[in-house]
1. Is region 472-492 home to any residue that is over 29 Å from Asn155 (Cβ atoms), among the hydrophobic types (A, V, I, L, M, F, W, C) and either at pLDDT below 85 or assigned to a loop (DSSP other than H, G, I, E, B) (or both)?
2. Filter region 182-210 down to residues that are polar (S, T, N, Q), over 30 Å from Asp472 (Cβ atoms) and touching a residue at least 12 places away in the same chain (Cβ under 8 Å) and give me whichever is surrounded by the fewest Cβ atoms within 10 Å (Cβ to Cβ).
3. Hey, any hits in region 77-95 for a residue that's surrounded by 11 or more Cβ atoms within 10 Å (Cβ to Cβ), in contact with a Lys or Arg (Cβ under 9 Å, 6 or more places away or on another chain) and under 30 Å from Ile222 (Cα atoms)?
4. Which one of the conditions (1) farther than 30 Å from Val523 by Cα; (2) of a type in the set (Lys, Arg); (3) at pLDDT 55 or above; (4) part of a helix (DSSP H, G or I) does Arg77 fail to meet, given that it meets all the rest?
5. Here is a list of conditions, (1) outside any helix (DSSP H, G or I); (2) buried (at least 21 other Cβ atoms within 10 Å of the Cβ); (3) at pLDDT below 75, and Ala507 meets all of them except one; can you say which number that is?
6. Can Val384 be described as at pLDDT below 90 and closer than 19 Å to Asn248 by Cα?
7. So which residues in region 179-189 are modelled with pLDDT under 90 and more than 18 Å from Glu151 (Cβ to Cβ)?
8. Does Gln367 meet the test of being in a helix (DSSP H, G or I), closer than 28 Å to Gly262 by Cβ, modelled with pLDDT under 90 and in the same structural domain as Leu317 (by TED's automatic domain parsing)?
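The values are calculated or read from the model by the stated rules, or taken from the named source; none is laboratory data. None of these values were measured; they are calculated from a predicted model. When we count neighbours, we look across all protein chains shown, and the Cβ atoms used for this are built from the backbone with ideal geometry, even at glycine.
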Amino acid sequence: MNGKFTFHKRLDGTIDKGRVICILCKKEFAYHRSSSSLAYHINAKHPVASAATANVSNLAIYSKALRQTKLEENIPRMSKSATDRLTNVLAKWIAMNCRPINIVEDEGLTEVLQTASNDPSYKPPCRTTVTTKISKMYDGEKKNKLEILVEDSPNFVAITGDHWTSAGNHSYLGVTGYFIDGEWNLNSFALTVMKTETRHFADKCAEQFLNVANDWGIENKISTIDTDSAANMLAAMRALPYEHIACNAHILQRTITVCLDGSGFAGVLAKCRKIVGHFKQSPAKAVQATLDQQNNHRWVMLTEAEWGKLQRLEVLLEPCRYVTELLGGEAYVSCSVVLPAFRHLDRVMDITDDDPAYVVKFKNAFQRDLEARQAVVNETWFKVATALDPRFKDLKCLPREKREQVWTSLENMLQAAEPRRAATLQPSTEDDQPAQKKRRSALLLGSDSEEDGMESGELQRYRAEPSISIDDCPLQWWYAHSGAYEKLSVVARKYQSLPCERLFSLAGHIVQKKRAALLPENVTKLVCLSDWLKKKK
């Protein structure tokens with residue numbers, strides 16, 4: 001009661017909390033946790049004290065109401081729902097663009113978010129929160145991908161795999177899946193980036209691919225596995241019940257590297273490396289030293305003849321660069337382009353009367369090495385894929401005596417093929433740049449031959465169809481004609497979905513020196529989630 005009563009004190013000095021004494025009149029009252037009788041006493045016997053107490057109480061309330069509001073209380077703050085949305089978007093941005101999670105601790109990012117949200121009190125989420133968000137996002141996206149592969153059930157899934165080592169000296173296997181959906185669109189997404197604890201022996205490599213297939217429920221749908229041509233990979237693929245395709249982009253790059261080392265261009269390239277290394281150590285000092293001692297450094301500069309060699313090398317390697325990029329494509333059909341592209345390179349590397357000795361040496365070495373490396377290529381697969389591409393179905397990239405063998409193989413396949421009917425919606429097309437069209441047209445090699453002997457049924461009608469332009473999409477053609485070629489379209493869907501390896505560069509951006517301690521499970525989530533989110537855009 002605002003200090004008007006006190007507990008009774010016994011003679012022995014203890015406090016009796018069952019009795020209280022009014023300090024104004026010394027009257028004692030029984031106290032049982034209720035103050036109503038005490039309040040009545042004060043109001044009845046001591047009205048002046050009661051009024052003073054009321055005035056003090058009212059003054060406190062009035063003063064509180066008149067108290068000046070602090071400046072920060074007037075600043076608008078984000079609601080909890082808005083904060084949660086911003087946290088989710090932030091986690092998505094980190095995952096999609098492979099940003100380090102500790103970027104949320106960057107003061108610059110905090111200032112940007114505070115300015116954008118108009119809330120100077122906003123603080124980004126901690127690393128633990130972002131990690132949790134990314135983990136939930138990965139689980140949700142993986143569930144969606146599993147539904148596509150299992151429930152929406154493409155009949156054939158091609159996968160690619162590549163081993164690589166991180167900056168922290170950890171070995172990983174990256175695997176990507178590819179398939180053609182019901183509307184004849186080529187789809188692909190990362191399946192895993194799994195840490196491998198053992199050396200890459202053939203049996204372990206085979207086991208790793210089987211584990212990925214079982215994890216995604218596609219062990220009965222895999223049509224091909226695309227890898228490099230390493231001996232352990234070739235041995236592992238022989239132990240698996242799937243078709244193996246050696247990555248042709250890798251094959252071409254290895255051929256170029258070997259031929260350059262042993263060709264007439266080796267000397268001028270070594271000289272170029274020395275010049276680049278001379279200036280790369282310290283550009284400013286190197287330039288000054290070169291200017292001060294120009295005569296002493298004249299021996300390292302390229303001669304006019306050496307510049308001519310480099311120009312010839314550029315002309316020789318330009319078709320190789322284009323074919324490498326073409327075979328490394330992910331958003332379009334590349335399997336059926338392999339044989340026409342390599343036939344184009346053979347023609348480019350034909351020796352002419354104008355070729356100097358060092359160019360002849362390079363061309364001869366290129367043709368020999370490429371032919372030797374193609375011994376591990378699944379040529380039968382590429383022949384069928386080429387025949388089922390309406391751009392190249394005339395098979396002009398093959399010798400005439402081998403063309404009928406391809407059609408015979410296709411006829412045998414059709415005997416076992418089950419009829420399937422695709423949807424009838426027409427997808428949109430995309431135009432290529434004129435320069436790309438010109439280069440692609442070089443893949444259509446001229447031939448005056450006409451095929452003899454037509455098969456009956458679908459294959460005969462397909463062979464009678466006019467070829468489409470090199471710039472047209474073969475999947476769009478099949479989308480429009482799959483109803484007329486029920487059996488043949490099933491085979492085409494299987495043989496047109498094969499891609500090249502794609503995950504290595506993305507994983508390299510994530511597992512770098514600054515993030516060498518990144519946990520393997522987080523590597524998997526970041527690489528796969530980045531790939532999935534970007535392809536949803």
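1. Within region 472-492, the first condition is being over 29 Å from Asn155 (Cβ atoms), and the residues that meet it are none.
The answer is no; no qualifying residue exists.
2. Among them, the one singled out is Thr196.
3. yes
4. (4)
5. Condition not satisfied by Ala507: (1).
6. Numbers: at pLDDT below 90: no; closer than 19 Å to Asn248 by Cα: yes.
The answer is no for Val384.
7. Within region 179-189, Leu186, Ser188 qualify.
8. Numbers: in a helix (DSSP H, G or I): yes; closer than 28 Å to Gly262 by Cβ: yes; modelled with pLDDT under 90: no; in the same structural domain as Leu317 (by TED's automatic domain parsing): yes.
It is false that Gln367 is in a helix (DSSP H, G or I), closer than 28 Å to Gly262 by Cβ, modelled with pLDDT under 90 and in the same structural domain as Leu317 (by TED's automatic domain parsing).
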